[in-house]
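Structure, as structure tokens:
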Amino acid sequence: MSQLCVCDPQGTARALGPLLAKGGEGAVYPLRERNDILIKWYHPEQLRKRSSILQPKVEAMCGMAAAQKLDSLSWPLFSVYDESGSWIGYTMRRAQGKQLFLLAHAVLYKRHFGQLDRSRIVGYLLDLLARIEQLHRAGIMIGDYNLNNFLADPQSGKVALLDCDSYQVHAGKHRFACPVGSADMTPKEHQNRAFSELVRTEQSEAFSVAIVLFKCLMLGRHPYDIVGGEDPVTNLCRGNFAYGTGNRGIPQGAWYNIWSHMPHRLKQMFITTFTDGADDPQCRPSLSDWQEALQLYGREMAKGWHARDIVPAQPKSSEYRGNRAEP
């Protein structure tokens with residue numbers, strides 16, 4: 001059986017290890033000589049349809065030295081070619097950790113994050129916000145927010161970011177769009193438009209980031225998932241958030257208890273984002289606002305003011321509702 005190989009930019013053949021994963025765009029293999037380096041090999045149909053877009057974008061990203069140095073990113077390092085010299089994909093750093101989807105799953109978090117508590121979740125989210133802030137300072141927008149594209153490492157407490165080739169980046173005066181996304185993670189002003197035509201902004205990112213934070217803190221519940229209501233995208237476009245005044249449509253049990261234990265400041269930020277902020281991007285809390293609120297949450301948990309349980313057994317009592325000022 002012949003060894004599967006790719007060629008680096010100097011034309012040197014590099015042997016590949018066993019297939020690691022396969023998605024809609026391509027397949028991922030490790031380099032046999034460097035298990036910490038992965039190859040993304042685009043599917044032939046993707047190359048036929050999109051190589052004129054993919055190759056210049058990936059090669060522009062390969063030229064962004066500052067992003068390449070960030071250990072938290074699986075950023076394109078250099079292009080790879082087949083034996084005929086045709087461009088087929090790129091190399092990237094292998095990230096460690098488990099998908100945030102597993103952390104935010106009502107059942108699977110117990111299997112994959114055995115020692116998880118709310119303090120650890122807040123730690124992961126603060127690290128994720130710091131990584132996103134680094135990208136924004138460089139003018140890079142993630143665009144496609146998906147819990148499967150973030151890895152949380154239980155050993156280090158750090159978060160790594162995958163699928164960076166979809167990010168919105170600039171090279172000189174040229175903007176390379178993020179061509180993918182999902183409607184339930186997309187702000188109202190970008191709904192019903194082709195993802196490839198969108199110009200992502202820090203305000204649009206802030207909306208998607210808030211959904212990620214909410215889902216991680218609320219065991220995967222989508223903020224616009226309302227009991228007896230419309231689908232999440234319809235609710236998103238109407239700014240119908242169940243957890244605001246009157247608690248319309250919050251499921252009883254785990255999610256109700258979690259929400260009741262959440263600090264007042266965090267609740268207000270979610271309410272603002274998902275009601276007024278649904279229509280007005282300027283209303284949305286910034287990444288630094290979320291960082292401050294989560295840091296405060298962590299400090300208050302350390303003082304015993306908030307439950308660390310992933311699912312508190314009871315709704316929070318009236319003894320403390322989050323209005324006490326931290327000394």
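The values are calculated or read from the model by the stated rules, or taken from the named source; none is laboratory data. What you see is a predicted model; the values in this text were computed from it and never measured. Here Cβ is always computed from backbone atoms with ideal geometry, including for glycine, and neighbour counts include all displayed protein chains. Each accessible area value is taken on the protein alone, full model and side chains, heavy atoms only, with ligands, DNA and RNA left out. Shrake-Rupley method; radii C 1.70, N 1.55, O 1.52, S 1.80 Å.
Considering only Y243, S52, L116, whose Cα is most displaced toward the positive end of the charge dipole of the chain, charges sitting on Cβ of Lys, Arg (+1) and Asp, Glu (-1)?
Result: L116.
What percent antiparallel are the DSSP beta bridges of the chain, to the nearest 5?
Details: 30 of 31 bridges.
Beta bridges within the chain, antiparallel portion: roughly 95 percent.
Per the 1.4 Å probe, what fraction of the accessible area of the stretch 38-151, in percent, lies on carbon and sulfur atoms? Walk me through the numbers on the way to the answer.
Values: 2480 of 4950 Å².
Carbon-and-sulfur percentage of accessible area, whole number: 50.
With springs only between Cα atoms under 10 Å apart, run a GNM on the chain and tell me which of A152, A104, A254 wobbles the most.
Highest fluctuation among the options: A254.
With point charges of +1 on the Cβ of Lys and Arg and -1 on the Cβ of Asp and Glu, referenced to the Cα centre of the stretch 98-303, which listed residue (I226, A194, L266) lies farthest in the positive direction of the dipole?
Farthest towards the positive pole: L266.
Suppose accessible area is computed on protein heavy atoms with a 1.4 Å probe; arrange D144, D71 from highest to lowest.
Correct descending sequence by accessible area is D71, D144.
222 nm [θ] for the chain, helices only, -39500 (n - 2.57) per DSSP H run of 4+, per residue, to 500?
Using -39500 (n - 2.57) per qualifying helix, the result is -10500 deg cm²/dmol.
What are the semi-axes of the equivalent ellipsoid for the stretch 193-232, taken as the square roots of 5 times the Cα gyration tensor eigenvalues, largest first, in whole Å?
They are 23, 15, 7 Å, listed largest first.
Given the Cα-Cα distance of D231 and Q115 and 0.36 nm per residue of separation, how much length would full extension add, in nm? Can you show the working numbers first?
Working: separation 116, 0.36 × 116 = 41.76 nm, distance 3.35 nm.
Length gained, D231 through Q115: 38.4 nm.
If I model a spin label at R34 and S86 as a point 7 Å from the Cα along the Cα→Cβ vector, what separation in nanometres do I get?
2.6
Can you compute the charge dipole magnitude of the stretch 98-303 about its Cα centre, using +1 on each Lys and Arg Cβ and -1 on each Asp and Glu Cβ, nothing else charged? Give it in debye, rounded to the nearest 20.
520
Between K49 and Q295, what length comes free when the chain is fully extended (0.36 nm per residue of separation minus the Cα-Cα distance, one decimal in nm)?
84.0 nm
Which of Y90, Y124, Y109 moves the most in a Gaussian network model of the chain with Cα springs under 10 Å?
Among Y90, Y124, Y109, the largest mean-square fluctuation in the Gaussian network model of the chain belongs to Y109.
Divide, for the stretch 29-168, the radius of gyration over alpha carbons by 2.2 N^0.38 Å, where N is the residue count.
Scaled against compact globular proteins, the figure is 1.14.
Could you tell me which of rounded, prolate or oblate describes the stretch 98-303, using a ≥ b ≥ c as the square roots of the eigenvalues of the alpha-carbon gyration tensor, with rounded for a/c under 1.5 and, failing that, prolate when a/b is larger than b/c and oblate otherwise?
Since a/c reaches 1.5 but b/c is at least a/b, the shape of the stretch 98-303 is classed as oblate.
What residue among A177, A313, A66 has the largest mean-square fluctuation in a Gaussian network model of the chain, using Cα springs under 10 Å?
So, out of A177, A313, A66, the one fluctuating most is A66.
Given a cut-off of 16 Å, what percent of all Cα-Cα pairs of the stretch 5-93 lie beyond it?
Above the 16 Å cut-off, the stretch 5-93 has 52 percent of its Cα pairs.
As a test question: what accessible area, to the nearest 10 Å², does K316 have when a 1.4 Å probe is rolled over all protein chains in place?
The accessible area comes out at roughly 30 Å².
Set the bar at 31 Å for Cα to Cα. Now go through K22/K173; K57/K188; K40/K173; K49/K215; K69/K303; K215/K316 and name every pair that lies beyond it.
K22/K173; K49/K215; K69/K303
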